[in-house]
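To keep things clear, I will list the structure first and then write my remarks on it.
The values are calculated or read from the model by the stated rules, or taken from the named source; none is laboratory data. Quick caveat: nothing in here was measured; it's all calculated off a predicted structure. Backbone-built Cβ (ideal geometry, glycine too); neighbour counts: all protein chains shown. These area figures cover heavy atoms from the full protein model, side chains too; ligands, DNA and RNA do not enter into them. Shrake-Rupley method; radii C 1.70, N 1.55, O 1.52, S 1.80 Å.
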Amino acid sequence: MIRIFSHYVSKTAFVLLLLEILILLFSATFTSLIGLADSRGMLRAGEVYLASSIFALVIVLSMSALGMYQHRSREDIRNTLLRILPAFALGFAVLSLLVRFVPSLHFGRGSVMIFGLGAIGVLLARLVVFKSSQSALMEGRLILVGGGALARECMDLAASKIGFHQFTVVGCINVPGEQCCVPASSMLPAGLSLLAMARRYDAQEIVVSVSDRRNGAFPARQLLECALGGVRVIDAATFFERETCQIRIDSLQPSYLIYGGGFDQSFFRAASKRLFDLAASATIFVASLPLMLLTMLCIRLEDGGPVFYEQERVGRDGVPFSVLKFRSMRCDAERDGTPTWAQANDSRVTRVGHWIRKLRVDELPQMLNVFRGEMSFVGPRPERAYFVDQLKEQVPYYNIRHSIKPGITGLAQVRYQYGASVDDAVKKLQYDLYYVKNNSLFLDLLILLETVQVVIFGKGSR
């Protein structure tokens, strides 16, 4: 894994991205330069390179928006091809729209060949890269210090193979005084130092998964020896942050948040985020205006009730504000006055509300909250004060998510289903903590791309 602007990115995914950009650039440039792109002959070099660059950028963004840089457990020719075709179709639609405003981007009769070469190149690149990434030579090997609940979670994560960064847990080192939660077969034999054990099993990393480090049996000296001997040593909190984009509550120590870096609240970050919020909100507002007008009409025709719905939410530093949404439930959804979480197949949701919630259209009026400065485009989901008061009492570190502005979309919204319980709130908080700690313009752009996928496929709605 590598870190780009504080966000962990898989080396495999990064290499794949660069490789595919080069393939797409070559496909467009080569086809243009041999005179197939224009019926009048060869295009001028400047036009060729500009058009090729925009072609590669649009296709890569289309693939990103459809989740093609998120790992899938099964990658073969059929599944990869089924994912490439919709991405290239989306890219073709976007380029066709751009050509209306910038005619010089038109590839003419060579468009079919450019898209064909690009798709074949991307398909071959993915098959080679994914096959290589599954090789044992590309897998990371690590040893867990401890055999408790945290160690068990690390082993389960390794077995899930959910990320581009594949790794294998060689085994666990027992720490006296800790309850064992891992299979006996995974425990490594005693008698060797940690450094000797790492070299014997060719482990490049040691993950400290001991919850109580004040235990006299904690091998601090041996861990220092490993670090000096070239074996990377990290704690479980860093491991989960890197591999899952979460800061896990069960492995978190207050010192990790204090000394672990991140939490950029500088003037430059605030200014760049505000500019991003305004630009993204204005662009999407203009693009979605016809859809919003249609939504307003449908809501009004269904039951004659109000189109918009205002609700008090908790913002930055715990300051309340009124969030604006399209009404998706009956007017008497909370007739008894008690706030209630939305459930799956909630009977209070109207027919129009079902679809606008599924496609997240009901969130679009919140762009007005962004313009007012009450929300960001990307950030933790704003919650109601009634639930916040409960969650602060039951969930450790919950109030940290209120150190920045809430968002229309966010890491928790695109990575986890709709939350409707305390347990869901804990899981979403782990993503929110990661975002609060590592937020950057780069991460905002990645989340915005993932939001497109969530909207298109209607993931996580209720």
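In region 165-181, is there at least one residue being part of a helix (DSSP H, G or I) and closer than 30 Å to ASN439 by Cβ?
Pass one, region 165-181, residues part of a helix (DSSP H, G or I): none.
Checked against the condition, which is being part of a helix (DSSP H, G or I) and closer than 30 Å to ASN439 by Cβ, region 165-181 yields no hits at all.
Criterion first (farther than 30 Å from GLN204 by Cα and surrounded by 15 or more Cβ atoms within 10 Å (Cβ to Cβ)) does ALA287 satisfy it? No: the conditions fail for ALA287. Taking the criterion of being of a type outside the set (Val, Ile, Thr), touching a strand residue (DSSP E or B) at 6+ places or on another chain (Cβ under 7 Å) and in contact (Cβ under 8 Å) with a residue 60 or more places away in the chain, the residues of region 380-401 that qualify are PRO382, GLU383, ARG384, ALA385. Taking region 258-269 as the range and being in a helix (DSSP H, G or I) and over 21 Å from the mean Cα position of the chain (by Cα) as the test, the residues that pass are ILE258, TYR259, PHE267, PHE268. Would you mind stating whether ARG248 is out of contact with any Gly (no Cβ under 8 Å at 6 or more places or on another chain), among the basic types (Lys, Arg), at pLDDT below 90 and open to solvent by less than 20 Å² (accessible area, probe 1.4 Å)? It is false that ARG248 is out of contact with any Gly (no Cβ under 8 Å at 6 or more places or on another chain), among the basic types (Lys, Arg), at pLDDT below 90 and open to solvent by less than 20 Å² (accessible area, probe 1.4 Å). Scanning region 186-215 for residues that are assigned to a loop (DSSP other than H, G, I, E, B), open to solvent by 20 Å² or more (accessible area, probe 1.4 Å) and touching a residue at least 12 places away in the same chain (Cβ under 8 Å) returns LEU188, ALA190, SER193, TYR201, ASP202, GLN204, SER211, ASP212, ASN215.
When region 366-419 is filtered for residues that are open to solvent by less than 10 Å² (accessible area, probe 1.4 Å), closer than 23 Å to VAL307 by Cβ and in a helix (DSSP H, G or I), the ones remaining, listed by number, are GLN366, MET367, ASN369, VAL370. Picking from residues in region 290-307 that are more than 34 Å from the chain's Cα centre (by Cα) and open to solvent by 90 Å² or more (accessible area, probe 1.4 Å), the one that is farthest from LEU368 (Cα to Cα) is LEU301.
Here ALA279, ALA196 are screened, and the one residue that is more than 30 Å from LEU441 (Cβ to Cβ) and out of contact with any Ser or Thr (no Cβ under 7 Å at 6 or more places or on another chain) is ALA196.
Here ALA271 fulfils each of the conditions (1) closer than 21 Å to GLN413 by Cβ; (2) loosely packed, with under 14 Cβ neighbours inside 10 Å apart from (1). Filtering SER193, SER185, SER209 for residues that are touching a helix residue (DSSP H, G or I) at 6+ places or on another chain (Cβ under 8 Å) and closer than 14 Å to VAL169 by Cβ leaves a single hit, SER209.
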